[in-house]
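Report on one structure; see the data block that follows.
The values are calculated or read from the model by the stated rules, or taken from the named source; none is laboratory data. Since the structure is predicted, the reported quantities are computational estimates derived from the model, not experimental observations. Because the Cβ atoms are built from the backbone with ideal geometry, glycine has one as well, and the counts that use them run over all protein chains shown. What goes into the accessible areas is simple: the full protein's heavy atoms, side chains included, and nothing from ligands, DNA or RNA. Shrake-Rupley method; radii C 1.70, N 1.55, O 1.52, S 1.80 Å.
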Amino acid sequence: MTGSGAGTRGRGPARLSSGTALVLVAAALLVAALVAVGLAGLVPEPDLGTGGARVADARAPVPAGAVPAPGLVDVDPVATFATAAPALPALPAGDFTEVAGRWEVGAEGAEARPEGRDPTLAVAPAPGTTVVQVTLEVPAPGAGVVTAWEGPDRYVALVVDPSGRTLSLVRAEGDDRPEVLLQARIGAPGGRLVLALRRDEARVRAIANGLDLGGRVVGPPPAEQVVGMVAGPGDSGAEARFADLTVA
């Protein structure tokens, strides 16, 4: 005969229902994601590679005051747009090529006459150039400086965005809308801007009013260096005024 406790077993470990288990897994994943986001804020922003990169903010806002890029303070422009003329003057290496409109020089500098809904460009060969710079006497949406131009839909540019309050480093590649690689807030919207792009092999650095905004990887340099100016389409493009263009 056995005692009253004989033959009984202690209770086994409690088992979670499938619903409770799913809730715990989801909570763990959420915590892991939050930790990853927190750690990401401690890691320096990397250069953005080609394709699929998210937009990054520049290191600081664009300062007021039209200051040349480092190294160009005592460099004379290759083209100044001070004398009214029905066409742009030629650069030392050749004439300007006009894209999606025509250009002329007015009382306030070079100005575009856009045709259609594409940005209007004026580009010219500049062999050996590593830095190209323009002075925007009157900034307007879409206006800026161009480097690595290979065709109407293949180039890199630093331009004023549609709001007029931000600069964007963009890369045009094919029929898609240009990819925005870098953005910087303009500290004094509407004031004169000196915009420059410095090429270093696969990387391009954006410079505005003397401030280095940051560099981004854009791919290998083209066989022939072609640089120039870009204005936006339509009325906004016609409002931009360029004082000069410098290469080095």
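Annotations
- FRET E, pair GLU224, VAL67, Förster distance 35 Å, beta-carbon r, rounded to 0.05: 0.70
- Mean Cβ count within 10 Å, highest first, over the residues of peptides 130-141, 214-225: 130-141, 214-225
- Å² of accessible area per residue within segment 127-248, as computed with a 1.4 Å probe and no ligands counted: 37 Å²
- Residue-by-residue Karplus 3J(HN,Hα) for segment 174-184, coefficients 6.51, -1.76, 1.60, Hz, glycine and proline x: x, 7, 6, 4, x, 8, 8, 9, 7, 10, 9
- When each of the peptides 74-82, 196-204 is scored by how many other beta carbons lie within 10 Å of its residues on average, the order from highest to lowest is 196-204, 74-82.
- Solvent-accessible area, 1.4 Å probe, carbon plus sulfur percent, for segment 112-154: 48 percent
- The packing ranking of peptides 97-110, 233-246, highest mean first, is 233-246, 97-110, where packing means the average number of other beta carbon atoms within 10 angstrom of each residue.
- Efficiency of FRET between THR83 and GLU115 - r from beta-carbon atoms, R0 30 angstrom, step 0.05: 0.75
- Separation between Cα centres of segment 186-243 and segment 87-113, rounded to whole Å: 17 Å
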